[in-house]
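A.B. asks: Have a look at this one.
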Amino acid sequence: MKKNFKFYIIIWAILLALYNLTVFLVKPIIPGYVINYDARFWISWGVIIATFIGQLLCSKVAFDSKNNEKLFLNIPLITQSYITLVVATIAGTALMLIPDCPTWIAAIVCAAVLGLSVISVIKAKVAADIVSETDDKIKAQTSFIKTLIVDAESLISRAQNEAAKVATKKVYDAVRYSDPMSNDGLSGIESEIAIKFNQFAGAITANSDDIATIADELIVLITDRNKRCKLLK
């Protein structure tokens, strides 16, 4: 992520340099027209530079994401900050070029553009954070069943005879079709399931005679857990 941000900074710096070169060094396209470096100009230029910096900060926040999933959630933040930059650049440049434009008009327009831009960027960031927090919460609540599914599936290949394979397949199906959402009210029975599953895994490894019995006991616990899960919703 940080490597990608380094390339992004290079592009950002080039665009900023090109804009400033255009404003300060290139002669105006309109014949006989000269940009006046008055208060109106500096207000407009300042807002444009502020949006350039703001866009870079928003991009840094997005690229600092720990994984691609978090980066994806922050794409609207980058997009919104880029739109803000484009709008501010167009509006600010227009105010610079309008002959005899009153300073107070430039100030109002720039303040409005900057204010609306900040609000839109904040909304994009808040939305990304809410989705990210919800996603993390769902992952935490479904981790027990998802982990159990993976473990149950691995036991099928470890079964040493047909009876053991049948038992492991029954347990796997029971877990796979279970409600994935957990909550604090299920912590007790889920602890029992974890203990019983470890016992079942040990029986499969040892190829003991009580595999079918333990499997049935485990399925009863899983069924009970699913019934409680429905009641708690």
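The values are calculated or read from the model by the stated rules, or taken from the named source; none is laboratory data. Bear in mind the structure is a predicted one, so any value in this text is a computation, not a measurement. No Cβ is skipped: glycine too gets one built from the backbone with ideal geometry, and neighbour counts run over all protein chains shown.
A.B. asks: Which of the residues spanning region 139-162 are surrounded by 14 or more Cβ atoms within 10 Å (Cβ to Cβ), part of a helix (DSSP H, G or I) and over 32 Å from the mean Cα position of the chain (by Cα)?
C.D. replies: Leu155, Ile156
A.B. asks: Moving on to the next point. Please go through region 88-136 and pick out each residue that is touching an Asp or Glu at 6+ places or on another chain (Cβ under 9 Å) and farther than 25 Å from Ser65 by Cβ.
C.D. replies: Passing the criteria: only Thr103.
A.B. asks: Go through region 151-164 and give me each residue that's free of Cβ contacts under 8 Å to residues at least 24 places away in the same chain and either closer than 19 Å to Leu186 by Cβ or charged (D, E, K, R) (or both).
C.D. replies: Glu153, Glu162
A.B. asks: Mind checking whether some residue in region 63-79 is within 18 Å of Leu18 (Cβ to Cβ) and either surrounded by fewer than 20 Cβ atoms within 10 Å (Cβ to Cβ) or touching a residue at least 40 places away in the same chain (Cβ under 8 Å) (or both)?
C.D. replies: Checked region 63-79: no residue is within 18 Å of Leu18 (Cβ to Cβ) and either surrounded by fewer than 20 Cβ atoms within 10 Å (Cβ to Cβ) or touching a residue at least 40 places away in the same chain (Cβ under 8 Å) (or both).
A.B. asks: Since Ile189 meets every condition but one in (1) out of contact with any Lys or Arg (no Cβ under 7 Å at 6 or more places or on another chain); (2) outside the structural domain of Ile43 (by TED's automatic domain parsing), which condition does it not meet?
C.D. replies: Result: Ile189 passes all but (1).
A.B. asks: Can you confirm whether region 171-182 contains a residue that is farther than 20 Å from Cys229 by Cα, assigned to a helix (DSSP H, G or I), without any contact (Cβ under 8 Å) to a residue 40 or more places away in the chain and not assigned by TED's automatic domain parsing to the domain that holds Leu73?
C.D. replies: No - not one qualifying residue is present in region 171-182.
A.B. asks: Residues to consider are Gly54, Gly92; find the one that is in contact with a Ser or Thr (Cβ under 7 Å, 6 or more places away or on another chain), modelled with pLDDT of 85 or more and over 24 Å from Asp129 (Cα atoms).
C.D. replies: Every option except Gly92 fails the conditions.
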